[in-house]
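Novice: Before I ask anything, let me first share the structure, which is written out below as structure tokens.
Every number in this text was worked out from the coordinates using simple rules, so none of it is lab data. The shown structure was predicted, so the numbers you read here are calculated from the model rather than taken from an experiment. Every residue, glycine as well, gets a Cβ built from its backbone with ideal geometry; the counts of neighbours run over all protein chains shown.
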Amino acid sequence: MEIVKIIGIALSAVIITIIVKQYKPEFAIYISLIAGVLILFLIMDKLFSIVNLLTNFANKVNGSKEFLKILLKITGIAFLTEFAVSVCKDAGENAIATKVDISGKVLIISMSIPIISSMLETLLKILP
């Protein structure tokens, strides 16, 4: 049960952060960052298996490889952006977190334009 490990790391990090904040508040963010990275490493195997499954599926279906690449990149941007926003908020930098969040959304929208345009072209072909 990987979720038990993840919860254990998270709760341990929270307890250590609370204790460290009393003596050295500037080190609390490092503990949070290390815990986040550890949790990400724990789920990497599952993430790679999902990517492999989607890649195998895309290989069976013609013409969807480019869309799969775009969707995987968008998903990666969403995860990384959320992680960075959380770290910024933990550090008390809400203004920077907001800018990172907006930047991630703009990148996602810009990367999704080929998919949107392809869908619109298909829709225009179907409509008389």
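Novice: Work out the length of the dipole vector of the stretch 17-128 about its Cα centre, built from +1 on the beta-carbon of each Lys and Arg and -1 on the beta-carbon of each Asp and Glu, and round it to the nearest 20 debye.
Specialist: In total the dipole reaches around 200 debye.
Novice: Quick one, what does Rg over Rh come out to for the stretch 49-128 if you take C-alpha atoms and the Kirkwood Rh?
Specialist: 1.14
Novice: Multiply the residue gap between residue 7 and residue 117 by 0.36 nm, knock off their C-alpha separation, and tell me the result in nm, one decimal place.
Specialist: Additional length available on full extension: 35.4 nm.
Novice: Next question. How far, in nm, would the chain grow between residue 66 and residue 102 when pulled straight, counting 0.36 nm per residue and subtracting the alpha carbon separation? Can you show the working numbers first?
Specialist: On the way: separation 36, 0.36 × 36 = 12.96 nm, distance 2.51 nm.
Net length gain for the segment: 10.4 nm.
Novice: Here's something else I'd like to know. With unit charges on the beta carbon (Lys/Arg positive, Asp/Glu negative), name the residue among 50, 1, 100 whose Cα is farthest towards the positive pole of the charge dipole of the chain.
Specialist: Going by the Cα projections, it comes out as 50.
Novice: Could you tell me the distance between the Cα centroids of the stretch 1-49 and the stretch 75-92, to the nearest Å?
Specialist: 14
Novice: So for the chain, averaging the separation of alpha carbon pairs under 8 Å that are six or more residues apart and normalising by length, what relative contact order in percent results?
Specialist: In percent, rounded to a whole number, it is 19.
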